[in-house]
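Below is one structure, written out as structure tokens; comments come after it.
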Amino acid sequence: DRQFDHRRLEGRGVTASVTPTKANGEAAVFRNLFKFRGHASPFAEFLVGVLAASALLLVWEIAGRMEFVRPQFLPPPSRVLSALWNLLVNQDLNGHTVVSSLRVWAAFLIAAAMAIPLGMLMSSYRIVGAALEPMIDFIRYLPVPALVPLSIIWFGVDEATKIFLLWLGTFFQLVLFVADDMRRVPNEYVEIARTLGASSRNVLVDIAFRAMGPSLVDNLRITLGWCWTYLIIAEIVAADSGIGFVIWQARRFVKTPEVMAGVVVIGLIGLITDQILRALHRRLFRYL
């Protein structure tokens with residue numbers, strides 16, 4: 001029996017609060033972190049993440065304080081935090097963040113609404129794939145900054161230009177992801193549905209779309225992150241609001257702490273959004 005005999009220990013003047021089984025289980029939680037494809041608890045992963053981030057910030061702070069790198073190029077985290085507070089209090093960073101978030105989500109939702117049905121059709125009907133894949137492959141390799149002049153000519157300098165640039169950096173990648181997800185749907189699912197009398201529409205909506213759900217949500221999460229990476233490009237086009245505008249203005253006056261504070265805000269928004277989508281994925285697809 002691996003459990004403690006409390007009466008025997010108490011007779012010897014020894015007090016035990018945990019059992020070997022429990023102690024071994026707690027140790028195994030952290031040992032799994034070092035195993036190849038080990039399964040660790042969310043708490044253990046969270047703790048490791050916090051410790052790693054804290055260590056990085058500490059090294060960064062020490063390097064900045066001791067001026068291993070000139071503060072003009074890499075200010076310490078304390079100065080970045082002070083600049084962030086100043087932006088929040090005196091320059092309405094909250095308002096700029098809301099504006100940027102609305103632009104990103106508008107472009108992303110438009111891209112998703114177009115890419116999901118189009119990607120499914122590209123993999124389901126070869127005539128659609130043969131017609132569109134070469135053009136999509138060509139456009140997705142074009143650098144978005146090179147298309148800024150064209151976007152201004154087409155849409156002017158209003159909100160449409162910013163949303164178009166964000167959409168441009170998202171749609172052509174996402175549509176190919178969706179097409180690949182559709183190709184991975186097992187043929188057995190389609191054959192069984194056909195045997196039971198399902199139409200092409202039923203196969204697409206009721207069978208394939210549900211089967212590709214887990215990978216589709218993951219790809220939407222990834223492309224949303226890409227959409228945020230194009231924010232600075234979109235908001236330097238005659239913008240007077242948004243996080244990109246704040247960063248660009250700070251860059252003009254070489255205010256490095258404020259530049260890094262704006263970058264930190266984008267990173268935090270991305271981190272929070274990504275964790276929310278991961279939790280949604282776990283909730284929707286508990287069977288995985």
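For residue 60, the criteria (1) surrounded by 14 or more Cβ atoms within 10 Å (Cβ to Cβ); (2) closer than 30 Å to residue 231 by Cβ; (3) at pLDDT below 85 hold in every case but one, which is (3). Looking across 93, 84, one residue alone is over 24 Å from residue 159 (Cα atoms), buried (at least 16 other Cβ atoms within 10 Å of the Cβ) and in contact (Cβ under 8 Å) with a residue 60 or more places away in the chain. It is 84. Kindly indicate whether any position in region 178-190 is at pLDDT 90 or above, in contact with an Asp or Glu (Cβ under 7 Å, 6 or more places away or on another chain) and either open to solvent by less than 70 Å² (accessible area, probe 1.4 Å) or of a type outside the set (Val, Ile, Thr) (or both). Checked against the condition, which is being at pLDDT 90 or above, in contact with an Asp or Glu (Cβ under 7 Å, 6 or more places away or on another chain) and either open to solvent by less than 70 Å² (accessible area, probe 1.4 Å) or of a type outside the set (Val, Ile, Thr) (or both), region 178-190 yields no hits at all. Residue-level check: of (1) at pLDDT below 90; (2) at negative phi; (3) exposed (fewer than 15 other Cβ atoms within 10 Å of the Cβ); (4) of a type outside the set (S, T, N, Q), residue 204 misses just (3).
Picking from 127, 110, which residue would you name as being β-branched (Val, Ile, Thr), at pLDDT 95 or above, part of a helix (DSSP H, G or I) and over 21 Å from residue 248 (Cα atoms)?
Selected residue: 110, the only one of 127, 110 that is β-branched (Val, Ile, Thr), at pLDDT 95 or above, part of a helix (DSSP H, G or I) and over 21 Å from residue 248 (Cα atoms).
Within region 63-79, the set of residues being surrounded by 15 or more Cβ atoms within 10 Å (Cβ to Cβ) and in a helix (DSSP H, G or I) comprises 64, 77, 79. Closer than 17 Å to residue 266 by Cα and in a helix (DSSP H, G or I): does that describe residue 55? For residue 55, the condition - closer than 17 Å to residue 266 by Cα and in a helix (DSSP H, G or I) - is not met. Among the residues of region 122-148, those identified as more than 22 Å from residue 104 (Cβ to Cβ) and open to solvent by 50 Å² or more (accessible area, probe 1.4 Å) are 125, 126, 127, 130, 131, 134, 135, 137, 138, 141.
Name the residues in region 149-163 that are in a helix (DSSP H, G or I), under 17 Å from residue 106 (Cβ atoms) and either without any contact (Cβ under 8 Å) to a residue 40 or more places away in the chain or among the acidic types (Asp, Glu) (or both), would you?
155, 159, 160
On inspection, residue 170 qualifies as surrounded by 16 or more Cβ atoms within 10 Å (Cβ to Cβ) and in contact with a Cys (Cβ under 6 Å, 6 or more places away or on another chain).
Here's the yes/no breakdown for (1) closer than 27 Å to residue 147 by Cα; (2) open to solvent by less than 80 Å² (accessible area, probe 1.4 Å); (3) modelled with pLDDT of 90 or more; (4) of a type in the set (A, V, I, L, M):
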{"residue": "220", "(1), (2), (3), (4)": "yes, yes, yes, yes"}
{"residue": "224", "(1), (2), (3), (4)": "yes, yes, yes, yes"}
{"residue": "234", "(1), (2), (3), (4)": "yes, yes, no, yes"}
{"residue": "244", "(1), (2), (3), (4)": "yes, yes, no, no"}
{"residue": "252", "(1), (2), (3), (4)": "yes, no, no, no"}
{"residue": "259", "(1), (2), (3), (4)": "yes, yes, yes, yes"}
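Return yes or no: is residue 164 within 22 Å of residue 240 (Cβ to Cβ), open to solvent by 60 Å² or more (accessible area, probe 1.4 Å) and touching a helix residue (DSSP H, G or I) at 6+ places or on another chain (Cβ under 9 Å)? No; evaluated as a whole, the condition is false for this residue. Can you find, within region 211-242, the residue that is farthest from residue 140 (Cα to Cα) among those that are outside any helix (DSSP H, G or I) and not small (Gly, Ala, Ser)? So the residue we want is 240. Check 155, 138 and return the single one that is modelled with pLDDT of 90 or more and of a type outside the set (Lys, Arg). Only one candidate passes the filter, namely 138.
Checked against (1) part of a helix (DSSP H, G or I); (2) open to solvent by less than 100 Å² (accessible area, probe 1.4 Å); (3) modelled with pLDDT under 85, residue 31 meets all criteria but (2). Here residue 215 passes the criteria (1) free of Cβ contacts under 8 Å to residues at least 40 places away in the same chain; (2) within 19 Å of residue 112 (Cβ to Cβ); (3) more than 17 Å from the chain's Cα centre (by Cα); (4) surrounded by 14 or more Cβ atoms within 10 Å (Cβ to Cβ) except the one numbered (3).
Let's see how each residue does on (1) open to solvent by less than 60 Å² (accessible area, probe 1.4 Å); (2) at pLDDT below 85:
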{"residue": "238", "(1), (2)": "no, yes"}
{"residue": "247", "(1), (2)": "yes, no"}
{"residue": "255", "(1), (2)": "no, no"}
{"residue": "264", "(1), (2)": "yes, no"}
{"residue": "270", "(1), (2)": "yes, no"}
{"residue": "275", "(1), (2)": "no, no"}
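The values are calculated or read from the model by the stated rules, or taken from the named source; none is laboratory data. None of these values were measured; they are calculated from a predicted model. Please note: Cβ atoms are built from the backbone with ideal geometry, for glycine as well, and neighbour counts cover all protein chains shown. These area figures cover heavy atoms from the full protein model, side chains too; ligands, DNA and RNA do not enter into them. Shrake-Rupley method; radii C 1.70, N 1.55, O 1.52, S 1.80 Å.
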